[in-house]
Amino acid sequence: MSEPLAQAAPAPADALGRLLDRLSRLLALIGGVLLVAMTLMATYSIVMRTLFNEPLLGDVELVQMGCGIAIVFFLPLCQLRRGNVIVDVFTLHAPERVRRSLDAFGNLLMALAAGLLAWRSVIGTLDTYGNGEESIIMGLPMWWSMSAFPPGFAVLALVALYTAWQDFSGKDKRP
């Protein structure tokens, strides 16, 4: 059996890393449960549409909301385990210090982007709540699904800062 080109980083050993790991795994578990629920619901709707011409009204709205939340909830664990795709064509043969510095810079950019997304998600959720915006078919308030985005992005920002610190300090154990 051949070895993969790169392996995800192991779970952190320090207290902060373990806390972020637990939070990230909890969010990923919730995201996974949401995806399973969306899959079961879509399957039910397809079966009902096919057999009885009675689809579940609003299933597409619910799948869109649930999948959006799941994706945001998967991001922190992916970042913590360094599962993001990295194009290292130009840095493959660079010294370890240069690669770590570039990785740390990229992680800081990720933290900045995630922080901005968390902040703007709060603003968007409050605005949507204030406007009373609802989904078209089911009439569900849109703010409830949007309210899951800020915590997911906030945890991603914290995790990205943590991984940047690991790269700057050289404390991560890369395979």
Considering amide H positions built from the backbone, and no H for Pro or chain starts, which residues 5 or more places from E134, or on another chain, come under 5 Å of its amide H? M142
For segment 153-165, in order, what is each residue's ³J(HN,Hα) by Karplus, 6.51 cos²θ - 1.76 cosθ + 1.60 with θ = phi - 60°, in whole Hz (x at glycine and Pro)? 5, 5, 5, 4, 4, 5, 5, 5, 5, 4, 5, 5, 4
Please compute the length gained on full extension between W144 and C78, using 0.36 nm multiplied by the number of residues separating them and subtracting their Cα-Cα distance. 21.3 nm
Where the centre of each part is set by its Cα atoms, how far does segment 14-43 sit from segment 128-170, in angstrom? 14
Lys/Arg Cβ at +1, Asp/Glu Cβ at -1, dipole of segment 1-145 taken about the Cα centre: which of V122, S45, G106 is farthest positive-ward? G106
Along each of the three principal axes of the Cα atoms of segment 73-114, give the extent in whole Å, ordering the values from largest to smallest. 34, 18, 13
Segment 1-154, accessible surface, carbon-and-sulfur percent (1.4 angstrom probe): 71
What distance in nm separates the two pseudo spin-label positions at A37 and L102, each 7 Å out from Cα along the beta-carbon direction? 4.2
Can you work out ³J(HN,Hα) from phi for every residue in segment 119-136, in order, using Karplus 6.51 cos²θ - 1.76 cosθ + 1.60 and θ = phi - 60°, giving whole Hz and x for Gly and Pro? 4, 5, 5, 4, 4, x, 5, 5, 5, 5, 5, x, 7, x, 5, 10, 5, 5
Counting Lys and Arg as +1 and Asp and Glu as -1, each charge on the Cβ, what is the dipole of the chain about the Cα centre in debye, to the nearest 20? 700
Residue-normalised accessible area of segment 62-172, given per residue in Å² at a 1.4 Å probe: 58
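Please state, to two decimals, what the Cα-based radius of gyration of the chain comes to when divided by 2.2 N^0.38 Å (N = residues).
On the way: Rg = 19.8 Å, N = 175, 2.2 N^0.38 = 15.7 Å.
Cα Rg divided by the expected 2.2 N^0.38 Å: 1.26.
The values are calculated or read from the model by the stated rules, or taken from the named source; none is laboratory data. All values derive from a computational prediction rather than experimental measurement. When we count neighbours, we look across all protein chains shown, and the Cβ atoms used for this are built from the backbone with ideal geometry, even at glycine. Quick note on the areas: whole protein, heavy atoms, side chains included, nothing else; ligands and nucleic acids left out. Shrake-Rupley method; radii C 1.70, N 1.55, O 1.52, S 1.80 Å.
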